[in-house]
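Input: a single structure, listed below in structure tokens.
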Amino acid sequence: MRTLLGAYQQVREATERLAGPLSPEDQTVQTMPDVSPPKWHRAHTTWFFETFRPAPTLAAYVASHPPTSYLLHPFYGPVGSADQLKLLFKDTPKVVACFEQLLGQPYPWDKYAQVIVRNFNWGGMENTSATTLAEYAARGDAQSQDDLISHELAHQWWAHQVIGADMQGDTALSETLAQYSALIVMEKTYGPDGIRKFLKRELDSYLRSRGGEVVAELPLIRVEDPPYIHYRKGSLVMYRLQDEIGEEAVNRALRSLLQQFAFKGAPYPTSLDLVAALRAQAPADKQQLITDLFEKLTLSDVKTKGVQVKKRADGRVGFHDGEHGRTAAAFDEKHASGEEDQQDEKSHKAANHGLHCTSLVKCEVRDGEWRYRLTVRTDGSQPLNRGSIPRTATIT
């Protein structure tokens, strides 16, 4: 049986052979920002065996990907975490299959490893055919980590197959598209309600972060580094666009990018190529929306001005709500509002006020003041009066 020492010596000898023809100067050169110099790789051989040795700190479990049995799915974590890791990573093969179908390109490697790393400074980091994850990922529940796990896996397409040019907007091709791909998988898993909660967190994070910007926020097409733009705003922009032109239209645009640029050298794609691919799939009346989402900084000023309440005989409540749109530019968009739907009894609780909207529908909102009729039902936990209805209940 191969010993750990024997395996280490074999790998070390192979590393030395590869480094043999290189001069000391050659080994200090970094060929690209994302690749370590050769001298670092030589050190990493020893570091890997010291850090990821199988015992006593790590245990490995292997599963195979059913749709394509060639793909091995090993995952590694601290001893004693077997049950948690199996729960955490159990859906990874399904996510691989979902991305393959969504993006029209197969997973390109023969394995996909997920590794819990001690003292890791980031939540997750993608590598070719592997992802390293912080220790906290093994301690959280599976659902709370799904976006992180799916996002890092999506990088096997966005950043490892399609590599953006080193210029403004490059993270829109990697981080934004990885985040959007993860969102689509999460929506299929948790449904519209689950994804709506996630998008609300993304929106809150984006607005808080842009409020602390000390230089100037750049449009998504020119994003440089701030995570609040390429992660938070990027996910909201892509999801809004697929809601307007359809998921399949966005998928066609992404597939065209992969077909044109996957595993290709220079000239590398830019965010201009992404926007062009999306425009090619969008109808004429959505071209301005793409401009607003990607090329400008556009925020909607929509507020509730007042509420009139009337209790109905069936116990539900009807109220009218006035909306006011921004006036700095022409405003003609759809926003989600709660409204009665006899076919859908799934309730959405409004804040903690004991109110439920029976469904969410889209209402046209244009410049000026508009009135909408909204029907909700109360669970009786709060007195039904004007003061108990939140002013933001009608816009989500």
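How compact and how long is segment 167-211, expressed as Rg and Dmax of its alpha-carbon atoms in Å?
Values for segment 167-211 (Cα only, Rg and Dmax): 12.4, 37 Å.
Hey, what do the phi angles of segment 167-174 turn into as Karplus ³J(HN,Hα) couplings, whole Hz, using 6.51/-1.76/1.60 and θ = phi - 60°, x for Gly and Pro?
7, 3, x, 5, 6, 5, 7, 9
Going down the table (Lys94/Lys197; Lys111/Lys200; Lys94/Lys233; Lys200/Lys264; Lys111/Lys233), which pairs top 30 Å between alpha carbons?
Exceeds cut-off: Lys111/Lys200; Lys200/Lys264; Lys111/Lys233.
I need Trp122, Trp109 ordered by Cβ neighbour count within 10 Å, fewest first.
Starting with the residue having the fewest Cβ neighbours, the order is Trp122, Trp109.
Based on Cα positions only, what radius of gyration and what Dmax would you give for segment 184-295, in angstroms?
14.9, 42
Rule-based calculations on the coordinates, nothing more; no lab input. Given the structure is predicted, the values throughout are model-derived calculations rather than measurements. Don't worry about glycine lacking a Cβ; one is built from the backbone with ideal geometry, like all the others, and counts go over all protein chains shown.
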